[in-house]
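Visitor: Handing you this structure, nothing more for now.
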Amino acid sequence: MTWIEISIVGSAVAFVLLIAFAVRLLIAATHAIRQVHDAIIQIKQQAAATAEQAEQLFKQTGQLTEEVHMQVLALEPTIQSIGKAGASIGDVASVLRKASQVMNESIHGAERVVNTHHKRIQDAMEWATTGFELWQRWQAHRNAKSDH
């Protein structure tokens, strides 16, 4: 074997190692993104459950406020205080609903980011596969030439 052939073989081995490392890295990155995606889904489910529980609590609080209001109707000064408390509870409920919506939008944004990166990893893996196939074809062509 000449130095040129040894260099070509060395380059080919280095290229194969580089491709193997790149594929392994992409697989690890894909796995990490899947874990992040699963965590986001779990957080989204927990956020939805928390929002539902908060809404039930607000409904119960509204019912309790209404019952108290009915019982204290006879007391004129107290009626105004209860009305203000009910308005405050309504404001708090509105703020919490808005916060829940913002949280859901943030979770959807994070999901979009994960999906965006997932596409990039798929593209990189396709490039790596294409490079490996080209290398194999080159090797087959080279071997076919050396056989003649």
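Visitor: Yes or no: Ala47 modelled with pLDDT of 85 or more, more than 30 Å from Gln139 (Cα to Cα), open to solvent by less than 70 Å² (accessible area, probe 1.4 Å) and in contact with a Ser or Thr (Cβ under 9 Å, 6 or more places away or on another chain)? Show your work before the answer.
Guide: Working: modelled with pLDDT of 85 or more: yes; more than 30 Å from Gln139 (Cα to Cα): yes; open to solvent by less than 70 Å² (accessible area, probe 1.4 Å): yes; in contact with a Ser or Thr (Cβ under 9 Å, 6 or more places away or on another chain): yes.
Criteria met by Ala47.
Visitor: For Asp91, are the conditions met, namely being open to solvent by 40 Å² or more (accessible area, probe 1.4 Å), modelled with pLDDT of 90 or more and out of contact with any strand residue (DSSP E or B) (no Cβ under 6 Å at 6 or more places or on another chain)?
Guide: Working: open to solvent by 40 Å² or more (accessible area, probe 1.4 Å): yes; modelled with pLDDT of 90 or more: no; out of contact with any strand residue (DSSP E or B) (no Cβ under 6 Å at 6 or more places or on another chain): yes.
No.
Visitor: Need pairs with beta-carbon distance below 6 Å; first residue assigned to a helix (DSSP H, G or I) and open to solvent by less than 70 Å² (accessible area, probe 1.4 Å) and within the range 97-113, second at pLDDT 75 or above and of a type in the set (A, V, I, L, M); sequence gap 6+ or separate chains.
Guide: From the range 97-113, the pairs are Ser100/Ala51; Ala110/Ile40; Glu111/Ile40.
Visitor: Please go through the range 1-44 and give me each residue that is out of contact with any helix residue (DSSP H, G or I) (no Cβ under 6 Å at 6 or more places or on another chain), of a type in the set (S, T, N, Q) and modelled with pLDDT of 90 or more, ordered by number.
Guide: Within the range 1-44, Ser7, Ser11, Gln35, Gln42 qualify.
Visitor: On to the next question. Among the residues of the range 5-28, is there at least one that is within 22 Å of the chain's Cα centre (by Cα), surrounded by 14 or more Cβ atoms within 10 Å (Cβ to Cβ) and closer than 17 Å to His108 by Cβ?
Guide: no
Visitor: Does His108 count as at pLDDT below 75 and out of contact with any Pro (no Cβ under 9 Å at 6 or more places or on another chain)?
Guide: It is false that His108 is at pLDDT below 75 and out of contact with any Pro (no Cβ under 9 Å at 6 or more places or on another chain).
Visitor: Further, regarding this structure: Could you identify the single residue in Gln80, Gln53 that is part of a helix (DSSP H, G or I), modelled with pLDDT under 85 and open to solvent by 100 Å² or more (accessible area, probe 1.4 Å)?
Guide: On the way: Gln53 fails: modelled with pLDDT under 85.
The match here is Gln80.
Visitor: Can you tell me which of (1) more than 30 Å from Met103 (Cβ to Cβ); (2) surrounded by 10 or more Cβ atoms within 10 Å (Cβ to Cβ); (3) modelled with pLDDT of 85 or more is the one Val68 doesn't meet?
Guide: With (1) more than 30 Å from Met103 (Cβ to Cβ); (2) surrounded by 10 or more Cβ atoms within 10 Å (Cβ to Cβ); (3) modelled with pLDDT of 85 or more applied to Val68, the lone miss is (3).
Visitor: Need the failing condition index for Leu73 against (1) in a helix (DSSP H, G or I); (2) at pLDDT below 75, just the number.
Guide: Condition not satisfied by Leu73: (1).
The values are calculated or read from the model by the stated rules, or taken from the named source; none is laboratory data. Owing to the predicted nature of the structure, the values given are computational and were not obtained by experimental measurement. Please note: Cβ atoms are built from the backbone with ideal geometry, for glycine as well, and neighbour counts cover all protein chains shown. Just so you know, the surface numbers come from the protein's heavy atoms only, side chains and all, with ligands and any DNA or RNA stripped out. Shrake-Rupley method; radii C 1.70, N 1.55, O 1.52, S 1.80 Å.
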